[in-house]
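Read the structure below first, then the notes.
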Amino acid sequence: MNTEVAIVAGKLIKRSQGLREHYQSELGKLSGLEKYALAIEVARLMQEQQEQISFAAQVQKEVIEAWTDADYADMGVDCTTADTELGFTTTLLPLADLHAETEKRKATAKERLEVTWGENWEDEVGDLMPPWPAEEFLRRPAVFSEKQVDWAVAKTILQDRIRQRLAAKKTKKVP
């Protein structure tokens with residue numbers, strides 16, 4: 001993925017007004033491979049945002065579940081009203097459940113990485129780890145680690161791939 005694709009994808013995800021038209025317009029400017037690269041990046045950003053929102057829902061759920069009758073009285077709201085106004089049952093619970101399922105899959109990917117690259121794999125990967133490693137991000141290195149068990153060799157391959165991507169010429173410029 002090149003930088004321009006990441007910028008376009010970020011702009012698409014951040015603006016819902018006219019999203020459909022803007023997305024179609026951006027796709028029309030790209031070749032087949034670039035179109036797919038943009039679709040991949042949009043999917044990655046959506047997954048990352050979904051994971052962040054479901055995590056926030058989990059935290060909100062924990063906060064609300066800790067409230068006592070005295071807390072509700074102090075806030076001047078009853079439990080039923082709070083449930084409705086906060087979307088506890090309709091929104092927070094399903095999102096928190098989604099977070100729990102995502103965390104299980106991420107834990108599985110982390111276990112696979114630990115089996116092949118050791119307990120300190122996160123330290124070894126270092127700056128290659130994004131601040132919010134989404135489920136798909138963790139799954140890909142897990143698969144790679146099982147094909148390339150030796151960390152020293154894997155590190156060389158990853159560094160070479162990063163250098164190649166950084167050196168690649170940009171094909172489309174975003175105005």
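The values are calculated or read from the model by the stated rules, or taken from the named source; none is laboratory data. Here the structure is a predicted model, which is why all the values come from computation and not from measurement. Note: ideal-geometry Cβ built from the backbone for every residue, glycine included; neighbour counts use all protein chains shown. For accessibility, only protein heavy atoms count, side chains too; no ligands or nucleic acids. Shrake-Rupley method; radii C 1.70, N 1.55, O 1.52, S 1.80 Å.
Only a single item in (1) open to solvent by less than 60 Å² (accessible area, probe 1.4 Å); (2) under 23 Å from the mean Cα position of the chain (by Cα) is not met by GLY87, and it is number (2).
Being loosely packed, with under 15 Cβ neighbours inside 10 Å, small (Gly, Ala, Ser) and free of Cβ contacts under 8 Å to residues at least 24 places away in the same chain is the requirement here; does ALA107 meet it? The answer is yes for ALA107.
TYR72 falls short of the stated requirement of being touching a residue at least 12 places away in the same chain (Cβ under 8 Å), of a type in the set (Ser, Thr, Tyr), over 23 Å from PHE144 (Cα atoms) and not in a loop (DSSP other than H, G, I, E, B). Figure legend. Inter-residue proximity from the range 134-162: first residues of a type in the set (Phe, Trp, Tyr), second residues surrounded by 14 or more Cβ atoms within 10 Å (Cβ to Cβ) and assigned to a loop (DSSP other than H, G, I, E, B), beta-carbon distance below 9 Å, spacing 6+ or different chains. Indicated pairs: PHE137/MET129. Which ones in the range 64-84 are surrounded by 10 or more Cβ atoms within 10 Å (Cβ to Cβ), closer than 26 Å to TRP132 by Cβ and of a type in the set (A, V, I, L, M, F, W, C)? Hit for the range 64-84 is ILE64, nothing else. Determine whether GLU111 is touching a Lys or Arg at 6+ places or on another chain (Cβ under 9 Å) and at pLDDT 75 or above. Considered against the rule, which asks whether it is touching a Lys or Arg at 6+ places or on another chain (Cβ under 9 Å) and at pLDDT 75 or above, GLU111 comes out as no. Collect the residues in the range 48-60 that are open to solvent by 40 Å² or more (accessible area, probe 1.4 Å) and not small (Gly, Ala, Ser), keeping them in residue-number order. If the condition is that a residue be open to solvent by 40 Å² or more (accessible area, probe 1.4 Å) and not small (Gly, Ala, Ser), then GLU48, GLN49, GLN50, GLN52, ILE53, PHE55, VAL59, GLN60 are the ones that fit. When LYS106 is tested against (1) in contact with a Leu (Cβ under 7 Å, 6 or more places away or on another chain); (2) more than 16 Å from ILE53 (Cβ to Cβ), just one condition goes unmet, and that condition is (2). Restricting attention to the range 116-130, the residues being in a helix (DSSP H, G or I) and open to solvent by 70 Å² or more (accessible area, probe 1.4 Å) number 5. With the condition kept exactly as written, say whether any residue in the range 6-19 is modelled with pLDDT of 80 or more, in a helix (DSSP H, G or I), open to solvent by 60 Å² or more (accessible area, probe 1.4 Å) and touching a helix residue (DSSP H, G or I) at 6+ places or on another chain (Cβ under 9 Å). Yes, the range 6-19 contains at least one residue that is modelled with pLDDT of 80 or more, in a helix (DSSP H, G or I), open to solvent by 60 Å² or more (accessible area, probe 1.4 Å) and touching a helix residue (DSSP H, G or I) at 6+ places or on another chain (Cβ under 9 Å). The condition (being open to solvent by 70 Å² or more (accessible area, probe 1.4 Å), under 23 Å from ILE162 (Cα atoms) and part of a helix (DSSP H, G or I)) is satisfied by just one residue among LEU33, LEU38, LEU45, LEU113: LEU33.
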